[in-house]
1. Name the trypsin sites (Lys or Arg not before Pro) in the range 44-78 that are in a loop by DSSP and that have at most 14 other C-beta atoms within 10 Å, would you?
2. In terms of the Cα gyration tensor, with a ≥ b ≥ c the square roots of its eigenvalues, is the range 8-87 rounded because a/c is under 1.5, prolate because a/b exceeds b/c, or oblate?
Amino acid sequence: MSGCDLGYADVRAAGERIAGGVRPVALAPAGERAWFALEFLQHTGSFKARGALNFLTARRAAGRLPGAGVAIASGGNAGLAAAWAAAR
């Protein structure tokens, strides 16, 4: 499987890995058949918390999380999310 061949089972597994670790997505009506996802209510202020927690949790479970820690080349939302997820 290449990095782009994700299926329903992969999405389910990711959801199960992060269950209880992130806040549910809050929605606000934005018009007819449209909603805003209020991602700023996540722990780190963006949707990146879900991805970072999933990534690190999966690596830890597979025994592939380096003992030296985690590094990310971002000082923005991804960096905040990686730091938050690593601390958890």
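We did not get these values from a lab; they are worked out from the coordinates using the rules stated. Treat the numbers as computed from the prediction; the structure is a model and nothing was measured. Glycine also receives a Cβ, built like all others from the backbone with ideal geometry; neighbour counts cover every protein chain displayed.
1. On the way: sites: K48, R50, R59, R60, R64; in loops: R64.
Taking the range 44-78 and a limit of 14 other Cβ atoms within 10 Å, the loop trypsin sites (Lys or Arg not before Pro) found are R64.
2. Numbers: a/c = 2.91, a/b = 1.62, b/c = 1.80.
Note, shape of the range 8-87 comes out oblate.
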